[in-house]
1. Quick check: from the Cα gyration tensor, does the chain come out rounded (a/c under 1.5), prolate or oblate?
2. How far apart, in nanometres, would the label points at V32 and A72 be if each is projected 7 angstrom from Cα along the Cα-to-Cβ direction?
3. Could I have the simple spin-label model distance between A57 and I18, label points 7 Å from Cα toward Cβ, reported in nm to one decimal?
4. Using the Karplus curve 6.51 cos²θ - 1.76 cosθ + 1.60 with θ = phi - 60°, what ³J(HN,Hα) values do you get for each residue of the stretch 40-45, in whole Hz, with x for Gly and Pro?
5. Angle, helix 67-76 long axis vs. longest principal axis of the chain, Cα atoms, 0 to 90°, nearest 10?
6. Contour minus end-to-end for V65 and T49, with contour as 0.36 nm per residue of separation and end-to-end as the Cα-Cα distance?
7. If I model a spin label as a point 7 Å beyond the Cα along the Cα-Cβ vector, how far apart are those points for L41 and V9 in nm?
Amino acid sequence: MTRRGQPIVFFDVDETLITAKSMVSFRNWWEVCHGGDRDWLAKLLRTATGRAEQNRASYRAFAGVPGREFLAAGRRW
């Protein structure tokens, strides 16, 4: 449950709506656009155990990003 006005992030992790892994695709795009770590996925797969931990670690990359900025990035992606 979220409070009114609190942003929510949605990823299609099982390819129900789109054929790409949306979380991976968006994060790759994000890292390229923001001059970030292009090896993030390889590092994540080496250090995080299990899918749930991998997802949490990937989502943490967006902690602190203002909702408005994140929403605009989603539209551009």
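Bear in mind that the values in this text are calculations on the coordinates, not laboratory data. Because the structure is a prediction, the values reported are computed rather than measured. Positions of Cβ are backbone-derived with ideal geometry, glycine not excepted, and every protein chain shown enters the neighbour counts.
1. Rounded, since a/c falls under 1.5.
2. 2.1 nm
3. 2.3 nm
4. The phi angles translate into 4, 5, 4, 5, 4, 5 Hz.
5. Taking Cα atoms only, the helix is inclined about 70 degrees.
6. Result: 3.2 nm gained on full extension.
7. With each label point 7 Å from Cα toward Cβ, the separation is 1.7 nm.
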